[in-house]
Amino acid sequence: MSAQLLQSLFSGLTVGAIYALVALGFAIIYNASRIINFAQGEFVMIGGMAAAVFVDAGLPLPLSIVAAVGLGMLVGLLLEKLAVEPARGAPVVTLIIITIGASILLRGLAALVWDKKIRPLPAFSGEAPLMIGGATLLPQTLWVLGTTLAAVAALWWFFNRTLSGKAMLAVSHNRLAAQLVGISVRRVLLVSFGLSAALGALAGALIAPISFTAWDVGVMLGLKGFAAAMLGGIGSGPGAVAGGLALGLIEALGAGYLSSAYKDVFAFVVLLAALVFLPNGLAGHGPAERV
Amino acid sequence: MAAAPLALPNNYTYEVAILVGLNAVVCVGLNLLVGYAGQISLGHAGFFGLGAYASAILAARYGWPPALSLPAAVAGVAVLAWLVGRPILRLRGHYLAMATLGLGIIVSQVLATEDRITGGPDGMTVVPIAVFGITLSGERLWYWIVGTLLIATVWLAQNLIDSPRGRALRALHGAEIAAAAAGIDAARHKLGAFVLSAALAALAGALTAHYSGFITPSKASFLHSIELVTMVVFGGMASTFGAVVGAAVLTTLPQLLAGFKDYELVTLGALMMLTMIFMPRGLVPTLEKALDAARRKPR
């Protein structure tokens, strides 16, 4: 394998893992509420920015990251309580506009509170790159991949082995039936926003040492995460992970071999093609429509 | 609208009124697709930008007179919308939203990257329109041009909605399968609304470019697409006048907030959320309903 190909694979997997985390956030909220949360990217921004700000303020790095994920989660819970819950039952487009409004609001707040500087975050364990087959591998890449793997495993355990997780799955399958057996749909909604926001913030803190962070990084990361979730089939957990990794690899290979200026375009071209030929995503199945 | 000039004290207010009119043309078209046919598009700024750039490039780089390049650009965008609309409109709900969003992003990235033709992220200057040797310039003249266009668009939309095609579109919104079972060619009607709304966006885009004399890729960006959809939903879906009101409010607001640049995003975001939470059906339908209820109240 040539060094260039290996290098593209490394960077593709790194970014892909981040997209996968964001896509999982989309999937969790979608399953609980059928809402596409366009503010998902802002949780990523909050995770990275808050971690960088806390480190600047003198907090140790691990504590900063935990605090940043906690802050992201809090914002997610507030978003659900203050904006999504009061609008329950509104048409889909209305809910989309609400979450887009939330993303603009959060971006504006970040620019006000944390200013518009680009901020760095120190790598979790040193900057010295490892050399593998002629390609360089940043230690942070291992952190990204390892943490993503751990997060996916934890989610699998949560959804398959705990009562709360099973309750969330039940709501995604049949809301009314879940309610009838005594599951609080409102609590499930709240938990889904908190969980998604925490995942997003974690992704933001993980990628910040590699790509820096700023008040406006949430837009593209959110859209790519949405694209990954759609590519995998919305609402499917394994689909979200596969979609994220695929999108990251497409981007990295496209940037490495075709044109780096069109990096963002490849992802969406492949996505459009996939949507046209696989209208329900890689892992999704068509919905049965009732009239 | 004819009375508005009396209330407009200077060129700046005329300029805002012209922008309102151009955005309203886009929104009335987009409302046909989103509000009536129920097909969401998060990429209409792409058509707006394509129309603007196509006309500007034909005029500036190939020497076409703008009176010719403008209709050519609109026709070109309509053909393109027809070509991409055919496969894309088979998608539903969030998948359609994703596909249109992707289209818009591809357009804006191409416009920003092909800098030898488009001038890149810094944008390009656009020549003014001349008809029979007379250059169209001046805020007052443009006000009347855009005003006439807006009235024509609203008239067209209102007629379309009350025609059999319009009823077919509304049936699609209700339940696509039921509409198809009733003999409505769903694909054809959706495509029609898509192409018409794209052409109106392209027309408004090209006019905006020639009027302001300058165009940047930000006009084709995701954020602009969002602004357009927000105008439609804010004003009220499935209400042509709602689309006009939405365009008016959300075009004027940033101008009013220009003095508080730092708070612009926060205000816009909060406004979008509050309106949608408290008036999920949009401004005009909510007010209409309130008026209706007040009128029916027994005295």
Once phi for every residue in segment A:260-270 is put through the Karplus expression 6.51 cos²θ - 1.76 cosθ + 1.60 (θ = phi - 60°), the whole-Hz ³J(HN,Hα) values, with Gly and Pro written as x, are 6, 5, 9, 3, 5, 6, 3, 4, 6, 5, 4
Would you tally the net charge around A:ALA102, using a Cβ to Cβ cut-off of less than 11 Å, leaving A:ALA102 out, and scoring K and R as +1, D and E as -1? -1
Alpha-carbon centroids, segment A:168-244 and segment B:24-45: separation in whole Å: 28 Å
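Which of B:MET98, A:MET168, B:MET124, A:MET131 has the fewest other C-beta atoms within 10 Å, and how do the rest follow up to the most? Spell out each step's value before the answer.
On the way: B:MET98 28, A:MET168 24, B:MET124 21, A:MET131 9.
Taking fewest neighbouring Cβ atoms as first place, the list is A:MET131, B:MET124, A:MET168, B:MET98.
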Towards the positive end of the charge dipole of chain A, with charges on Cβ (+1 Lys, Arg; -1 Asp, Glu), say which of A:LEU137, A:ALA177, A:PHE26 has the farthest Cα. A:ALA177
Taking a straight Cα-to-Cα line shorter than 19 Å from A:LYS117, and setting aside same-chain aspartates and glutamates fewer than 8 residues away, one finds A:GLU42, A:ASP56, A:ASP216, B:ASP262, B:GLU264
Measuring from its Cα centre, chain A shows a charge dipole (+1 at each Lys and Arg Cβ, -1 at each Asp and Glu Cβ) which, in debye to the nearest 20, is 680 debye
Karplus-derived HN-Hα couplings along segment A:12-19 (A = 6.51, B = -1.76, C = 1.60, θ = phi - 60°), whole Hz, x at Gly and Pro: x, 5, 4, 5, x, 5, 5, 4
Cα-centre dipole for chain B with unit charges at Cβ (Lys and Arg positive, Asp and Glu negative), debye to 20: 960 debye
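Pairs of alpha-carbon atoms within less than 8 angstrom and 6+ residues apart define the contacts here; what relative contact order does chain A have, in percent? Display every interim value, and only then the final one.
On the way: 490 pairs, mean separation 109.2, N = 291.
Averaging sequence separation for qualifying contacts and normalising by length gives 38 percent for chain A.
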Whole-Å distance linking the alpha carbon centroid of segment B:228-292 with that of segment A:1-47 is 32 Å
If the cut-off is a Cα-Cα distance under 17 Å, which aspartates and glutamates reach B:LYS297, setting aside same-chain residues fewer than 8 apart in sequence? B:GLU288
Taking the dipole about the Cα centre of segment B:4-296, with the C-beta of Lys and Arg at +1 and of Asp and Glu at -1, give me whichever of B:ALA112, B:LEU80, B:ALA60 is farthest to the positive side. B:LEU80
With 30 Å as the limit, write out which pairs from A:LYS224/B:LYS219; A:LYS263/B:LYS190; A:LYS116/A:LYS224; A:LYS224/B:LYS289 have Cα-Cα distances beyond it, or answer none. A:LYS263/B:LYS190; A:LYS224/B:LYS289
Check A:PHE212: other-chain or 5+ apart residues with amide H under 5 Å from its amide H, H built from backbone geometry? A:LEU121
May I ask for the angle, rounded to the nearest 10°, between helix A:40-56 and the longest principal axis of chain A, with both axes built from Cα atoms and the value confined to 0 to 90°? 50 degrees
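Using only helices, what value at 222 nm comes out for chain A when you add -39,500 (n - 2.57) per DSSP H run of length 4 or more and divide by the total residues, to the nearest 500 deg cm²/dmol? Don't skip to the answer; put the middle values down first.
Numbers: 11 runs with 208 residues, N = 291.
Mean residue ellipticity at 222 nm (helix-derived): -24500 deg cm²/dmol.
Cut-off is 10 Å between beta-carbons; in what order do A:GLU85, A:GLU42 appear when sorted fewest neighbours first? Numbers along the way, then the final one.
Working: A:GLU85 15, A:GLU42 35.
Ascending Cβ contact count within 10 Å gives the list A:GLU85, A:GLU42.
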Scoring chain B by relative contact order with C-alpha pairs under 8 Å, at least six apart, yields a percentage of 34 percent
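What length, rounded to one decimal in nm, is gained on full extension from B:SER137 through to B:ALA175, with 0.36 nm per residue of separation minus their alpha-carbon distance?
Working: separation 38, 0.36 × 38 = 13.68 nm, distance 4.74 nm.
That works out to 8.9 nm of additional length.
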Inter-chain Cβ neighbour average for residues B:96-104, partner chain, 10 Å: 6
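What average number of partner chain Cβ atoms lie no more than 10 Å from the Cβ of the residues making up A:265-276? Before the final figure, lay out each step's value.
Numbers: counts 8, 2, 3, 9, 3, 1, 6, 10, 2, 1, 9, 7.
If you average over the peptide's residues, the count of other-chain Cβ atoms is 5.
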Where does helix A:237-257 land angle-wise versus the long Cα axis of chain A, in degrees 0 to 90, nearest 10? 30 degrees
Taking only Cα atoms, what is the 0 to 90° angle, nearest 10, from helix A:218-232's long axis to the longest principal axis of chain A? 70 degrees
If packing is taken as the mean number of other Cβ atoms within 10 Å per residue, what is the order of A:205-215, A:156-166, A:141-151, highest first? A:205-215, A:141-151, A:156-166
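Given R₀ = 35 Å, what would the calculated FRET efficiency be for B:THR148 paired with A:MET220, taking r from the Cβ atoms and rounding to 0.05?
Details: r = 40 Å, r/R0 = 1.14.
Computed FRET efficiency for B:THR148 and A:MET220 comes out at 0.30.
Pairs of alpha-carbon atoms within less than 8 angstrom and 6+ residues apart define the contacts here; what relative contact order does segment B:1-128 have, in percent? If you can, show how the numbers build up before the last one.
Details: 92 pairs, mean separation 35.4, N = 128.
Averaging sequence separation for qualifying contacts and normalising by length gives 28 percent for segment B:1-128.
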Dipole check, the protein assembly as shown, charges on Cβ (K,R +1; D,E -1), about Cα centroid: among B:ALA294, B:LEU136, A:ILE207 the Cα furthest to the positive pole belongs to B:ALA294
Amide H neighbours of B:ALA130 under 5 Å, at least 5 residues apart or on other chains, H built in the peptide plane: list them. B:ALA67, B:LEU136
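Values in this text are rule-based calculations from the coordinates and carry no lab data. Source: prediction; values computed, not measured. As a convention, Cβ positions derive from the backbone with ideal geometry for all residues, glycine included, and neighbour counts pool all protein chains shown.
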